[in-house]
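Accompanying notes for the structure given below.
Each reported figure results from applying straightforward, stated rules to the coordinates on display, with no laboratory input. Bear in mind that the values here come from a model prediction, so they are computed numbers and not experimental data. FYI the Cβ positions are ideal-geometry reconstructions off the backbone, even for glycines, and counts take in every protein chain you see.
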Amino acid sequence: MKIETKKRIELINITDHVNEHVKESNVQQGICVISTRHTTSSIIVNENEAGLRGDILSLLERLVPENAGYSHDRIDDNAHAHLRAVLLGSSETLQISNSKLILGTWQSIFFAELDGPRTRTVDITVIGK
Ligand code: ZN
């Protein structure tokens, strides 16, 4: 699927969209892999609470500040975005039971934009029976 991100960094809840894929697959028991094709974005699972979403983004800004003398900035000026993506990872694998993703009450799936705004591609593959 395509995602048009709006901000420089943001977390976008894609849980409903992933659930639609699971439903359309007719898989009852299996796994679902969600991955980003980009080196400056990530897929994560966490709580969808506005304060926490802000806290996650602030943590990334504190851990990996911009323009901190990175080598990659000499050619692309976005090393911080790549490094933040390294910390969060590029995919999540979730289990499917009774045609539904197994997610805890407070778990949502997020696309993390780390160098936006851009048009992004996320792949969702459902495997099972
Ligand atoms: Zn780059």
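Observations on the structure shown:
- Two-site label geometry, L103 and N26: point separation in nm, points 7 Å out along Cα→Cβ: 2.5 nm
- Counted charge near V122, where neighbours are those whose Cβ lies closer than 10 Å (Asp, Glu -1; Lys, Arg +1): +2
- Loop-resident sites, region 1-109, for trypsin sites (Lys or Arg not before Pro), counting at most 15 other Cβ within 10 Å (DSSP): K6, K7, R8, R37
- Contour minus Cα-Cα distance for T93 and R74 (0.36 nm per residue): 3.4 nm
- Residue-span extension gain [E10 to S58] - 0.36 nm each, minus C-alpha spacing: 16.2 nm
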